[in-house]
């Protein structure tokens, strides 16, 4: 089983390295509910000490699908397809997805994903509490004078 490598950490950040995304299948975890081993998935909340999001990198073998549909109680999810193509279903609507597709699903949306390509699908999921984002982009940012070290 592959583990996340810590690059550097200080009071204002944590940087980690997952390695080559083509090696994502080397990660595995035990599902908290059904106790089954899941390969090709890695969660980042604990590794990065995140307090507002859960981010995961996921893979689906060629011509396969996530073995279950699911909902959430409080969190919306945003799926970002990085490699491969297939189908995504929310409730009774099914549509094509491919590299570059981004899908946001409300907590109660019943969701599932299928890889229809002949290569491993790689996708990222960002999970956060619905309606929790109060300020964003330039509304929450402030430019500061700072000397780069690179």
**OP:** Scan 42, 102, 125 and give me the residue that is touching a residue at least 60 places away in the same chain (Cβ under 8 Å) and in contact with a strand residue (DSSP E or B) (Cβ under 8 Å, 6 or more places away or on another chain).
**Re:** 125
Subject >> Filtered residue count, the stretch 3-46, keeping only those that are under 14 Å from residue 58 (Cβ atoms), touching a helix residue (DSSP H, G or I) at 6+ places or on another chain (Cβ under 7 Å) and part of a loop (DSSP other than H, G, I, E, B) >> reply: 1
**OP:** Scan the stretch 87-103 for residues that are surrounded by 14 or more Cβ atoms within 10 Å (Cβ to Cβ) and under 15 Å from residue 71 (Cβ atoms) and jot them down.
**Re:** 88, 89, 90, 103
**OP:** Could you tell me whether any residue of the stretch 62-69 is in a strand (DSSP E or B) and either touching a strand residue (DSSP E or B) at 6+ places or on another chain (Cβ under 9 Å) or under 22 Å from residue 131 (Cα atoms) (or both)?
**Re:** yes
Original post:
Among the residues of the stretch 34-79 satisfying the criterion of being within 14 Å of the chain's Cα centre (by Cα) and over 17 Å from residue 126 (Cβ atoms), which is surrounded by the most Cβ atoms within 10 Å (Cβ to Cβ)?
Top reply: 60
Subject >> Long-range neighbours under 9 Å by Cβ, at least six apart or interchain, first residue farther than 21 Å from residue 106 by Cα within the stretch 131-149, second modelled with pLDDT under 90 and loosely packed, with under 10 Cβ neighbours inside 10 Å >> reply: 140/134; 141/135
Original post:
Of all residues in the stretch 4-29 being surrounded by fewer than 13 Cβ atoms within 10 Å (Cβ to Cβ), in contact with a strand residue (DSSP E or B) (Cβ under 9 Å, 6 or more places away or on another chain) and at pLDDT 90 or above, which is nearest to residue 122 (Cα to Cα)?
Top reply: 17
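The values are calculated or read from the model by the stated rules, or taken from the named source; none is laboratory data. This structure is a prediction, so every number in the text was calculated from the model and none was measured. Neighbour counts are summed over all protein chains in view; Cβ atoms, including those assigned to glycine, are modelled from backbone coordinates with ideal geometry.
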